[in-house]
Amino acid sequence: TQLLEQSPQFLSIQEGENLTVYCNSSSVFSSLQWYRQEPGEGPVLLVTVVTGGEVKKLKRLTFQFGDARKDSSLHITAAQPGDTGLYLCAGAGGGGTSYGKLTFGQGTILTVHP
Amino acid sequence: NAGVTQTPKFQVLKTGQSMTLQCAQDMNHNSMYWYRQDPGMGLRLIYYSASEGTTDKGEVPNGYNVSRLNKREFSLRLESAAPSQTSVYFCASREIAAGELFFGEGSRLTVL
């Protein structure tokens, strides 16, 4: 059973457009992380959110943790080709899992065309 | 800065063969993890080691065994490979339970 549902699975947009990726669950998570992965490499952490309602910004990327700590979103403003990659959300401590184990969503493959 | 190093990067096996994936980290992290990544499935946890001397099953442990050799090294063994184990395997480590996961570059395994 996948505890974290990411949508959309695929996103193909033009440079300059805005986009939002969603990460939803029926479980409450103690924290949630977003990773970005490029082909042939391992995922790299973008952000960790821990408080319900928390909003964090990283340049053109805005991350939000839902008030109930069951969902999160990643919004990219004015996407650039360099944003192309696989985006993964990962929750800690959800669905009765131990605090140390992360549950990953299926990922969103983002392609930004010049 | 090596970080997390995995070997081999590529491997082709025949059904029934065995092999070990090696992982080493030089960040003095307590916890280490093995994940597999398949298209549309994200990353699924195979086994993890919260600290030296302990190992626990993750979501998909069947067909795998692990050894936490010391604080630096965590190996994953396939005793009798099956085509369903064709995947990209990632080793990861982190300092604390809610901290950042640092990943290796991955090992692409094909089982024929």
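Most tightly packed first, judged by the mean number of other beta-carbon atoms within 10 Å of their residues, the peptides A:30-39, B:10-19 read A:30-39, B:10-19.
Overall, the ratio between the Cα radius of gyration of region B:68-109 and 2.2 N^0.38 Å, rounded to two decimals, is 1.39.
What relative contact order, as a whole-number percentage, does region B:31-98 give when Cα pairs under 8 Å and 6 or more residues apart are counted? Worked out over region B:31-98, it gives 35 percent.
Computed from backbone phi, the HN-Hα couplings of region B:84-95 come to 5, 8, 4, 5, 9, 9, 10, 9, 9, 9, 7, 6 Hz, rounded to whole numbers (Karplus: 6.51 cos²θ - 1.76 cosθ + 1.60, θ = phi - 60°; Gly and Pro given as x). Sorted from greatest to least, the principal axis extents spanned by the alpha carbons of chain A come out as 43, 29, 20 Å.
Annotation: amide H-H contacts under 5 Å for B:Q17 (H modelled 1.01 Å from N, sequence separation of 5 or more, or interchain): B:A81. Evaluating 6.51 cos²θ - 1.76 cosθ + 1.60 at θ = phi - 60° for every residue in region B:24-37, the Karplus couplings come out as 9, 10, 10, 9, 6, 6, 7, 9, 9, 9, 10, 10, 10, 10 Hz, glycine and proline recorded as x. Other residues with beta-carbon under 11 Å from the beta-carbon of B:G104 carry, at +1 per Lys or Arg and -1 per Asp or Glu, a net charge of -1. Residue by residue along B:39-47, Cβ atoms of other protein chains within 10 Å of the local Cβ number 5 on average. By the equivalent-ellipsoid construction on the alpha carbon gyration tensor, chain B comes out with semi-axes of 22, 14, 13 Å, ordered largest to smallest. A dipole drawn for chain A from +1 and -1 charges on Cβ atoms has a positive end, and of A:L74, A:I13, A:T108 the residue lying farthest that way is A:L74.
Readers should treat all values here as calculations from the given coordinates under stated rules, not as data from a laboratory. Remember, it's a predicted structure, so these values are computed and weren't measured experimentally. Every residue, glycine among them, receives a Cβ derived from its backbone with ideal geometry; neighbour counts consider all protein chains shown.
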